[in-house]
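Here is the structure we will look at, set down as structure tokens.
The values are calculated or read from the model by the stated rules, or taken from the named source; none is laboratory data. Everything numeric in this text was worked out from a predicted model, so none of it was measured. We place every Cβ from the backbone using ideal geometry, glycine too, and count neighbours over all the protein chains shown. With ligands, DNA and RNA removed, areas are computed over all heavy atoms of the protein, side chains included. Shrake-Rupley method; radii C 1.70, N 1.55, O 1.52, S 1.80 Å.
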Amino acid sequence: MPAPKQTRRRSLLVTSATLLSLSATAPAALAAPTPSTGATATPPVRMSTVGGERLGQPGTQVNLAPGVPVIPKDVTARSWIVTDAESGDVLAAHNAHWQLPPASTLKMLFADTLLPRFPKTMEHKVAPSDLAGMGEGSSVVGIKEGRTYNVHDLWLGVFLRSGNDAVHVLSAMNDGVEQTVKDMQNHADELQARDTHVISPDGYDEPGQLSSAYDLTLIARSGLQKKDFRDYCSTVHAKFGDNEIRNTNRLLSGDADVPVYQGIAGVKNGNTTNAGATFTGVAERNGRVLLVTVMNPEKHEHNEVYKETAKLFDWGFSAAGKVNPVGELVPPKSALPSPSASAGQSAGTHGSGSRPVAGDTTGSGGVGIAAAIAGGVLVLLAGAAFLINRRWPLPDLMRRRPRP
């Protein structure tokens, strides 16, 4: 039997019994606010339902109940999502699957795809062709042609300064931009990030380059399972060449109008003309780890994306353990049971504790990680492999975070 939500223990090594037996959500209907009526600011009537039917509906989705705080009224983002990083529960969302330009938050997918491919100490001498094709006005860390950089420094340039020049050099090391875009798209498909269409590896505005708050959260969750990813996205400042660089994530590094958020540990920000401001953040408080993604606040105040993220984090930490989720973050395809295992389940091997993972009802449809022991050996192996890789995630980072 699954443990009650309010007594589940959060730890770095979450047992497979707990996570594979999460209780199903009860999606009670709640009237959502009317979406903006502007031609470019109205979400589609129907969106993807990966992770649950509620997540495909426009407007705010949350299960209010006694003791559950109200969503902050001054959150103006076109799309946002608040999730429990460990369980995958979606605590609340607003147009979660609205496909929007991602800006540099797409660099999370770039990093999750390429980080394992090059050792930190590997060096590369930058050729002029490595920096060709960067968009006009790209953010850069200041890479120089003819100079040699190690992979560690290049990743610092990607995460701290959102350097498109560092992205292009790493892409060149990966057989070029075209190959890197293919690899990123394949990885997005593996993560079931079906709203994501990759055109450029750095997130620069390109026609057809899209993602969603839901997908960016899936991508961040995958990346955070990698120690190097966690280390880079939580680094506040570092030496790059002859210069000191500081992380442009203002919840991590702070600013005049935005204090460092208590428990913050990454992940990635972005800002372009088409995307507006975008941000995915991860934070831990009292043993609970939340992921929040915010895309394109309509309020254009300085650092607004961080202010709205902080409000949603505050809400999430207050609501967690009280609010019934409206959906879930799906696992990668590699963690799903094989067709033969699914066939065994359909023959009557489901246990009472099983919980299928919601899929996209408009496409191929997802199949879930079976929770029941009777679900078959292949199912258990797939689920166990997913859980073993979930080194959740942040106590090693929390010791390095400044406290307000």
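Got a number for residues in the stretch 53-82 being open to solvent by less than 10 Å² (accessible area, probe 1.4 Å) and in contact with a Gly (Cβ under 8 Å, 6 or more places away or on another chain)?
Number of matching residues: 3.
Failed condition for ARG194, given (1) within 24 Å of VAL330 (Cβ to Cβ); (2) touching a strand residue (DSSP E or B) at 6+ places or on another chain (Cβ under 9 Å), with all others met?
(2) is the only condition that ARG194 fails.
Determine, yes or no, whether VAL167 is farther than 24 Å from LYS333 by Cα, touching a residue at least 12 places away in the same chain (Cβ under 8 Å) and open to solvent by less than 10 Å² (accessible area, probe 1.4 Å). Give the steps one after another, and end with the answer.
Values: farther than 24 Å from LYS333 by Cα: yes; touching a residue at least 12 places away in the same chain (Cβ under 8 Å): yes; open to solvent by less than 10 Å² (accessible area, probe 1.4 Å): yes.
When the stated conditions are applied, VAL167 passes them.
Give the residue that is nearest to LEU114 (Cα to Cα), with candidates limited to residues of the stretch 227-270 that are open to solvent by less than 20 Å² (accessible area, probe 1.4 Å) and touching a His at 6+ places or on another chain (Cβ under 8 Å).
By that ranking, first place goes to ASN247.
Residue under question is LEU20, and the condition is that it be at pLDDT below 50 and crowded, with 18+ Cβ neighbours inside 10 Å; does it hold?
Judged against the criteria, LEU20 is a match.
Please pick out the residue among PRO69, PRO58, PRO43 that is at pLDDT 95 or above, assigned to a loop (DSSP other than H, G, I, E, B) and within 22 Å of the chain's Cα centre (by Cα). Break it down into steps so the answer makes sense when it comes.
Working: PRO69 fails: within 22 Å of the chain's Cα centre (by Cα); PRO43 fails: at pLDDT 95 or above.
Within the list PRO69, PRO58, PRO43, the selection yields PRO58.
Looking at the stretch 271-299 only, could you name the residues that are open to solvent by 10 Å² or more (accessible area, probe 1.4 Å) and closer than 22 Å to GLY135 by Cβ? Spell out how you get there, then give the answer.
Step one: list which residues in the stretch 271-299 are open to solvent by 10 Å² or more (accessible area, probe 1.4 Å), which gives 271-274, 276-277, 284-288, 296, 298-299.
ASN271, THR272, THR273, ASN274, GLY276, ALA277, ASN296 - these are the residues of the stretch 271-299 that are open to solvent by 10 Å² or more (accessible area, probe 1.4 Å) and closer than 22 Å to GLY135 by Cβ.
All but one of (1) over 16 Å from the mean Cα position of the chain (by Cα); (2) surrounded by fewer than 18 Cβ atoms within 10 Å (Cβ to Cβ); (3) polar (S, T, N, Q); (4) within 24 Å of GLY276 (Cβ to Cβ) hold for GLN185; which doesn't?
(1)
Yes/no matrix, rows are residues, columns are (1) within 24 Å of TRP98 (Cα to Cα); (2) assigned to a strand (DSSP E or B); (3) modelled with pLDDT under 95; (4) open to solvent by less than 40 Å² (accessible area, probe 1.4 Å):
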{"position": "GLU136", "(1), (2), (3), (4)": "no, no, yes, no"}
{"position": "VAL141", "(1), (2), (3), (4)": "no, no, no, yes"}
{"position": "GLY146", "(1), (2), (3), (4)": "no, no, no, no"}
{"position": "GLY157", "(1), (2), (3), (4)": "no, no, no, yes"}
{"position": "ALA172", "(1), (2), (3), (4)": "no, no, no, yes"}
{"position": "ALA193", "(1), (2), (3), (4)": "yes, no, no, yes"}
{"position": "TYR214", "(1), (2), (3), (4)": "yes, no, no, yes"}
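Counting only residues that are outside any loop (DSSP other than H, G, I, E, B), at negative phi and either open to solvent by 30 Å² or more (accessible area, probe 1.4 Å) or not acidic (Asp, Glu) (or both), how many does the stretch 93-132 have?
Initially, the stretch 93-132 is screened for residues outside any loop (DSSP other than H, G, I, E, B), giving 93-94, 100, 103-117, 123-125, 128-131.
Adding the requirement that they be at negative phi leaves 93-94, 100, 104-117, 123-125, 128-131.
Subsequent filtering for residues that are either open to solvent by 30 Å² or more (accessible area, probe 1.4 Å) or not acidic (Asp, Glu) (or both) retains 93-94, 100, 104-111, 113-117, 123-125, 128-129, 131.
Count: 22.
Of the conditions (1) within 18 Å of the chain's Cα centre (by Cα); (2) under 26 Å from PRO332 (Cα atoms); (3) open to solvent by 30 Å² or more (accessible area, probe 1.4 Å), GLY208 fails just one. Which one is it?
For GLY208, the failing item is (1).
List every residue pair whose Cβ atoms sit under 6 Å apart, with the two residues 6 or more apart in sequence or on different chains, where the first one lies in the stretch 64-76 and is farther than 20 Å from GLU308 by Cβ and among the β-branched types (Val, Ile, Thr) and the second, anywhere, is modelled with pLDDT of 95 or more and open to solvent by 80 Å² or more (accessible area, probe 1.4 Å).
Within 6 Å, no pair qualifies.
Looking at the stretch 272-324, which of its residues are assigned to a strand (DSSP E or B) and among the basic types (Lys, Arg)? Steps first, please.
Step one: of the stretch 272-324, the residues assigned to a strand (DSSP E or B) are 272, 276-285, 288-297.
Once the filter is applied, which keeps residues that are assigned to a strand (DSSP E or B) and among the basic types (Lys, Arg), the stretch 272-324 yields ARG285, ARG288.
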